[in-house]
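The values are calculated or read from the model by the stated rules, or taken from the named source; none is laboratory data. Since this is a predicted model, take the numbers as computed values, not measurements. Methodologically, a virtual Cβ is constructed for each residue, glycine included, from the backbone with ideal geometry; neighbour enumeration extends over all protein chains shown. Surface accessibility is based on the protein's heavy atoms, side chains included, excluding ligands, DNA and RNA. Shrake-Rupley method; radii C 1.70, N 1.55, O 1.52, S 1.80 Å.
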Amino acid sequence: MIEIYLFVNPLGKYCFNMERQLLQFIEEEYGTTNLKNKKVQFRFLPLVNLQTIGDVMQTRGIDRQNLEERNNLFSTIYSASLDCKAAQFQGKKKGRQFLIKLQEAVGCNDIPYSQALSEELFASIGGDLAMFKEDRQSEFVKEAFFSDQKIAREMGITKHPSAVVYNYAYDCDFGVLVEGTNSVHRIQELCKVTDESYQIFTGQQLHTTDSKFTTGASHLSLLSN
């Protein structure tokens, strides 16, 4: 049984590339028709904090001390994160499709982010646009976003992309934190076990204790590039 949490920048091309590689691996390794039987699922969570904003500024060559640019960037990524949460209200598949479309448009194709762009992209994947607009303005979407940030804090996540993988096919239950854009192969290694059944966990099952991420007697290992 496996659970994967993937913390991403909803506008980032590096996160986009990692997601595509990971989804392709799962499809090729297990097949889309077998995903439910194997209980392979994902949870994509937009991540926004001071460090991630600073990292994006550095990547783009923006002075970290530029408060105006920092505030603008925060506002944009925060807005995009709410878009993603609203999309997820219409199902995990729709949420995943929208996230990838948004990252591709803004992160890869340099199309300026706007609410109009988000609505256009959501309509292009066959989503209910009227419901999307309504949900986007609701307090439920904001609560869902802040719940994601709480999960990230409890897991000790500070950067994107980061993935937390729980694999219950082993004798000892454990969680593994994998960070960096070149870590897909490590996630693949964690998924390749002899057990035929996998499952994605929920955030309520996860918490932090003394810098160790645990669930019961489990432990967290940190792998970096």
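Annotations for the structure displayed:
- Qualifying trypsin sites (Lys or Arg not before Pro) for region 51-124 [loop in DSSP, other Cβ within 10 Å: at most 10]: R60
- Carbon + sulfur, % of accessible area of region 99-150 - ligands and nucleic acids excluded, 1.4 Å: 53
- Chain lengthening between I125 and K93 when straightened (0.36 nm per residue, less Cα-Cα): 10.5 nm
- Between Q24 and S147, the C-beta separation translates, for a Förster distance of 22 Å, into a calculated FRET efficiency of about 0.15.
- For region 69-156, the solvent-accessible area of protein heavy atoms averages 50 Å² per residue (probe radius 1.4 Å; ligands and nucleic acids excluded).
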